[in-house]
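Only one structure is covered here, and it is reproduced in the block below.
Derivation of every value follows stated rules applied to the coordinates shown; laboratory data play no part. Given the structure is predicted, the values throughout are model-derived calculations rather than measurements. Reconstructed Cβ throughout: ideal geometry from the backbone, glycine too, with neighbour counts over all protein chains shown.
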Ligand SMILES: [Zn+2]
């Protein structure tokens, strides 16, 4: 008889809450701190000047402060159905789109640029 080794069953905290930034256990459906529905997040990336979340219906920008250390509390929401003319910049990595007649530009880190581009290509 052998005892099961369950040391691999440690809880990991890899699910970052887009709303408050807290790391949640992988199995969480709702944030342990702010109760945000974590299942509605389709993509979440952390960049230098902002974090971006994409849900079923919205693109949400959580602006960070100048020193990039924390968020300013400024949150911008874009309805996906109203986002027009998405383009990806090259050689400077960024995403551009038109929203309510205004051009929005988000410079991105390489890895986030690739993640977002892949996601947009698959989804839209
Ligand atoms: Zn939260």
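The table for this structure:
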| quantity | calculated |
| --- | --- |
| Antiparallel bridges, percent of DSSP beta bridges restricted to the chain (to nearest 5) | 100 percent |
| Acute angle (nearest 10 degrees) that the helix 110-123 long axis makes with the longest principal axis of the chain, alpha-carbon atoms | 80 degrees |
| Packing-based ranking, highest mean first, of 11-19, 70-78 given that Cβ atoms within 10 Å are counted | 11-19, 70-78 |
| R0 of 30 Å, Cβ-Cβ distance residue 13-residue 84: FRET efficiency to nearest 0.05 | 0.20 |
| √(5λ) per eigenvalue of the Cα gyration tensor, the chain, largest first, Å | 32, 16, 15 |
| Gap separating the Cα centres of segment 29-65 and segment 84-122, nearest whole Å | 17 Å |
| Computed lengthening from residue 118 to residue 46, 0.36 nm per intervening residue step minus Cα-Cα distance | 24.3 nm |
| Segment 30-94, relative contact order [Cα under 8 Å, separation at least 6], % | 19 percent |
| Length-normalised contact order of the chain in % [C-alpha pairs under 8 Å, at least 6 apart] | 12 percent |
